[in-house]
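Comments concern the structure below.
The values are calculated or read from the model by the stated rules, or taken from the named source; none is laboratory data. Computed from a predicted model, the values in this text were never measured in an experiment. Note that we place each Cβ from the backbone using ideal geometry, even for glycine, and neighbour counts take in every protein chain shown.
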Amino acid sequence: MSAVSPLATSAEKSTLSASDWEQAALDLIAEKGVSALAVEPLARRLGITKGSFYWHFASRDELLEQSLKRWEHRDIQHLARSLGSSQEPAMRLAEFILRTSRQNRSHQIHAALCAASDHPTVKPVIERITRRRLEYLAGAFRELGLDAEPAAHRARLTYTSYVGYIQLQTRGMAPERGSEEFEDYVRHAIDALITVRCPGKQTPCLIRPLHDPPPHAREGESDE
């Protein structure tokens, strides 16, 4: 725990936790980017003195580091839910696409971090998350019957589609979430990215109908 600033009142210490500051930091990063993260603007945003901040963190850099750990942990949970479940691989891949297409706040944070990917704190987080997602995707495509190299290529293609969609969304150029055009896009993305030709098979590996999303993904994902 950091040394307590004399500006922090006992009430402020008890009303705001470190998690509150971390979530507020992620919200600010999503809206204005990593460079906008600073203690005083964040304190004003929370309606509290900056003394409360120093009860939990020694510096702005420590807040950034802990906030990114929080976001990465949440991403690991989402990834495990969509790609690490016991469902068959085509269903897991479809659920991954559905989840990533609906995580608006997560998209905004990811886009902001990519824009600051040369930052010494941000860079390793983005690299770890990217590697982890590609490994999960490639593993699912291998389970569908692809050899290691084609599976890795398809994983990169799927992830590139996801990152490109985020860029369109942040610029207001993606279909509106919940619209018929949006749902058509998601179905098309699933059909185009997951239907693969496997060695020795005359029919695509994915043969289940895709008119309805997997049950968990249909509910959408938290915007946290």
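Results for (1) modelled with pLDDT of 95 or more; (2) assigned by TED's automatic domain parsing to the domain that holds Val125; (3) in contact with a Lys or Arg (Cβ under 8 Å, 6 or more places away or on another chain); (4) exposed (fewer than 14 other Cβ atoms within 10 Å of the Cβ), shown as yes or no for each residue.
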| residue | (1), (2), (3), (4) |
| --- | --- |
| Val4 | no, no, yes, no |
| Ser14 | no, no, no, yes |
| Ala43 | no, no, yes, no |
| Lys50 | no, no, no, no |
| Tyr54 | no, no, no, no |
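The conditions of being of a type in the set (Asp, Glu) and either modelled with pLDDT under 95 or more than 24 Å from Gln167 (Cβ to Cβ) (or both) are not met by Glu72.
Whether any residue in the range 87-98 is of a type in the set (Val, Ile, Thr), over 22 Å from Arg171 (Cβ atoms) and surrounded by 15 or more Cβ atoms within 10 Å (Cβ to Cβ) is what I want to check. No, there is no match, as no residue in the range 87-98 is of a type in the set (Val, Ile, Thr), over 22 Å from Arg171 (Cβ atoms) and surrounded by 15 or more Cβ atoms within 10 Å (Cβ to Cβ).
Taken over the range 180-198, the criterion of being over 16 Å from Glu95 (Cα atoms) and at pLDDT 90 or above is satisfied by Glu180, Glu181.
Here's the yes/no breakdown for (1) of a type in the set (A, V, I, L, M); (2) surrounded by fewer than 14 Cβ atoms within 10 Å (Cβ to Cβ):
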| position | (1), (2) |
| --- | --- |
| Pro120 | no, yes |
| Ile129 | yes, no |
| Leu134 | yes, no |
| Glu149 | no, yes |
| Gly164 | no, yes |
| Leu168 | yes, yes |
| Ala174 | yes, no |
| Glu183 | no, no |
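With respect to Val163, determine if the residue is in the same structural domain as His73 (by TED's automatic domain parsing), modelled with pLDDT under 95 and under 16 Å from Ser101 (Cα atoms). So Val163 passes the test. How do the helices (runs of 4 or more DSSP H) wholly within the range 19-121 filter down when requiring 1 or more residues that are touching a Gly at 6+ places or on another chain (Cβ under 6 Å): which remain? Filter on the range 19-121 gives 89-102, 104-115.
Taking into account only those residues within the range 75-86 that are at pLDDT below 80 and not hydroxyl-bearing (Ser, Thr, Tyr), which is surrounded by the most Cβ atoms within 10 Å (Cβ to Cβ)?
As a first pass, look at the range 75-86 and keep what is at pLDDT below 80: 81-86.
With the extra rule that they be not hydroxyl-bearing (Ser, Thr, Tyr), the set shrinks to 81, 83-84.
Details: Arg81: 16, Leu83: 21, Gly84: 14.
Per the stated criteria, the residue is Leu83.
Can Arg133 be described as in contact with a helix residue (DSSP H, G or I) (Cβ under 7 Å, 6 or more places away or on another chain), of a type in the set (D, E, K, R) and at pLDDT 85 or above? The answer is yes for Arg133. Scanning the range 93-105 finds one or more residues that are touching a Ser or Thr at 6+ places or on another chain (Cβ under 9 Å) and either under 22 Å from Leu28 (Cβ atoms) or free of Cβ contacts under 8 Å to residues at least 40 places away in the same chain (or both).
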